[in-house]
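Taking it in order: structure first as structure tokens, then the write-up.
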Number of protein chains: 2
Amino acid sequence: MARPCGLVYISGWIPHVSPMFSSPPRPPASPPTRSESVIETLRSAILGGEFAPGERLHEVKLTARLGVSRTPVRSALQKLASEGLLDYAPNRGYAMRDFPVDEIISAYEVRAVLEGLAARLATERGLTAVHRALLERALADGDQLLAGGALSPVDRGVYRDVNSTIHETIHAAAGSRMLADMVRLCQHVPVSSPRNVVAFEVRDVRRRHDDHHRIVEAILSRESWRAEMLMRDHVASVKTSLIRSLTGSSTAEAAPVDGRASV
Amino acid sequence: MARPCGLVYISGWIPHVSPMFSSPPRPPASPPTRSESVIETLRSAILGGEFAPGERLHEVKLTARLGVSRTPVRSALQKLASEGLLDYAPNRGYAMRDFPVDEIISAYEVRAVLEGLAARLATERGLTAVHRALLERALADGDQLLAGGALSPVDRGVYRDVNSTIHETIHAAAGSRMLADMVRLCQHVPVSSPRNVVAFEVRDVRRRHDDHHRIVEAILSRESWRAEMLMRDHVASVKTSLIRSLTGSSTAEAAPVDGRASV
DNA sequence: TCGGGCAAAAATGTATACATTTTTGTTTGA
DNA sequence: TCAAACAAAAATGTATACATTTTTGCCCGA
């Protein structure tokens, strides 16, 4: 009954004209197709935990719920299955995957080694002036945010952008589309239960921003091995926080683990 | 014009009942759907280099060529795009991706860190009796094959199976579906040119089999860091061979780099 | 000759009818 | 009562017609 499964890789258009820096990925100018809309709607529902593990997603029922025909629904389901959110079997349809804690922790392990590789590759290839400027700007922004004593909710949102800029710039500098896309996949693992939240105190944010400084410093001084190891540990530390929050509970402010947390 | 792209993850059915060891992944009992057949046909054509980089794959033309309607063709194109073989843009269709040498080399870098992680996780989790038996059997088979002086073409095929068993058993022991599937993706990078062949002398095979011995030894003795590093270098050595065969040419017997070479 | 604009052609997106498979529920027999 | 068998229902796979978008090629004017 078990079916072979495979990690797959969805591509954009014109990979050669690699956008220097693709954040934020702007939506297409033309109005989105129904398939695209359905993908977004369903992805949000899935990541939001609206489907129980193992629950089947029937095409016709979704058709009624979403107000489109089976064609875009099928297309969306196939895409979401290819992202690893759904299971699929021929003639049997799609079902919500289960994401046990083990798998979520593994995703962080995978992301840690991948981002570590990105840091190393970026170091070996060297930063362009643009990438360097982006990193230095983001580091300075982070310094300014963290100069005060506490972080407001708005500040946390801003810092999330700073964090994204740093990581995505390094991915871009690494120059591997496969690598960047695999990292993105690691960040799209749905929360399996409401208990999967990570405690982020201001102290933790400071520590992570200091990590960023050291990582960029290592990249700029061409210490590829150091850059890789620093980045690996930087990402892996989230795994530690996750495990800590799953076993003992912390009183710190909690943020959902949905890939948007500042790591 | 550039479109956001994403790595995606295609799933099998019933992930919980993780098959102890999924090689060879047996085909479904029921006859394959037209979509599945078209996927296989097109994937072979793509990996075989039948499409030039940038060449568009029109649905209707493929319809005529494959003798099915647009529906399974569309389904197959979407799947292949999700595997990273094709580019896609809404309202513009699918086109063959370009795989520059840089990207192929990066794929080996990615695979090296991923397989290294798999070795570490397998070490940390520990091997089951079944996994251990499979590894020891494969190692013994390899020893026997390499006892003689030379390797016949048949022997090379057998050794490829031995090699696959070792690597896939370690992936299974690592216990992460995402990790195993990402490794599989790394092995599905098409050859970009006929020059992308790697020289495999008997000496190289011996060396790699010795790597396998050391890796399993490290896993069994719970030396996770050593297992990770040995596996990383084991896989990365193929990258070295690839670069060597791209720059200078070797006179050794050459095998295409299609993921089936023994690594 | 070049470039913009328009219309025809072609390609992709969508809806839907039909085919095949799976699932479900009942019946029937032991 | 249980289980195998069968038929009805439902779900997915496929083909195709139509809608919308993109592409192509021509015309026209500067």
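Out of the residues in segment B:38-55 meeting the condition of being within 14 Å of DNA strand D (Cβ to nearest atom) and within 11 Å of chain A (Cβ to nearest Cβ), tell me which one is farthest from residue B:70 (Cα to Cα).
Applying the filter and picking the extreme gives B:54.
Restricting attention to segment A:80-94, and to residues there that are facing chain B (nearest Cβ under 8 Å) and touching a strand residue (DSSP E or B) at 6+ places or on another chain (Cβ under 7 Å), which single residue is farthest from residue B:116 (Cα to Cα)?
Result: A:88.
Between a first residue in segment A:205-228 that is without any contact (Cβ under 8 Å) to a residue 12 or more places away in the chain and a second residue that is outside any loop (DSSP other than H, G, I, E, B) and surrounded by 20 or more Cβ atoms within 10 Å (Cβ to Cβ), which pairs have beta carbons less than 6 Å apart while being 6 or more apart in sequence or on different chains?
A:226/A:218
Which residues, counting only those in segment A:49-76, are in a loop (DSSP other than H, G, I, E, B) and within 10 Å of DNA strand C (Cβ to nearest atom)? Even if it seems obvious, please write down each step before you answer.
Narrowing segment A:49-76 to residues in a loop (DSSP other than H, G, I, E, B): A:49-55, A:58, A:67-69.
Passing the criteria: A:67, A:68, A:69.
Please verify whether residue A:113 is away from DNA strand C (no atom under 16 Å from the Cβ) and facing chain B (nearest Cβ under 8 Å), treating the condition exactly as stated.
Taking the combined requirement at face value, the residue satisfies it.
For segment B:60-79, give me the residue count where each residue is under 20 Å from the mean Cα position of the chain (by Cα) and farther than 21 Å from residue A:93 by Cβ.
0
Determine if segment B:181-196 includes at least one residue that is small (Gly, Ala, Ser) and modelled with pLDDT of 90 or more.
Filtering segment B:181-196 for residues small (Gly, Ala, Ser) gives B:192-193.
When the remaining residues are screened for being modelled with pLDDT of 90 or more, the result is none.
Scanning segment B:181-196 turns up no residue that is small (Gly, Ala, Ser) and modelled with pLDDT of 90 or more.
For segment A:130-245, give me every one of the helices (runs of 4 or more DSSP H) that falls completely inside it and has 2 or more residues that are surrounded by fewer than 17 Cβ atoms within 10 Å (Cβ to Cβ).
Details: elements: A:153-174, A:177-186, A:202-220.
Hits in segment A:130-245: A:153-174, A:202-220.
Being within 26 Å of residue B:178 (Cα to Cα), among the polar types (S, T, N, Q), surrounded by 14 or more Cβ atoms within 10 Å (Cβ to Cβ) and away from DNA strand D (no atom under 13 Å from the Cβ): is that true of residue B:75 here? Talk me through it step by step, then tell me what you get.
Details: within 26 Å of residue B:178 (Cα to Cα): yes; among the polar types (S, T, N, Q): yes; surrounded by 14 or more Cβ atoms within 10 Å (Cβ to Cβ): yes; away from DNA strand D (no atom under 13 Å from the Cβ): no.
No; evaluated as a whole, the condition is false for this residue.
Looking at residue A:109, is it assigned to a helix (DSSP H, G or I), surrounded by fewer than 21 Cβ atoms within 10 Å (Cβ to Cβ) and not basic (Lys, Arg)?
Working: assigned to a helix (DSSP H, G or I): yes; surrounded by fewer than 21 Cβ atoms within 10 Å (Cβ to Cβ): no; not basic (Lys, Arg): yes.
Taking the combined requirement at face value, the residue does not satisfy it.
The values are calculated or read from the model by the stated rules, or taken from the named source; none is laboratory data. All values reported here derive from a predicted model rather than from experimental measurement. Here the Cβ is made from the backbone with ideal geometry for all residues, glycine too, and neighbour counts use every protein chain on show.
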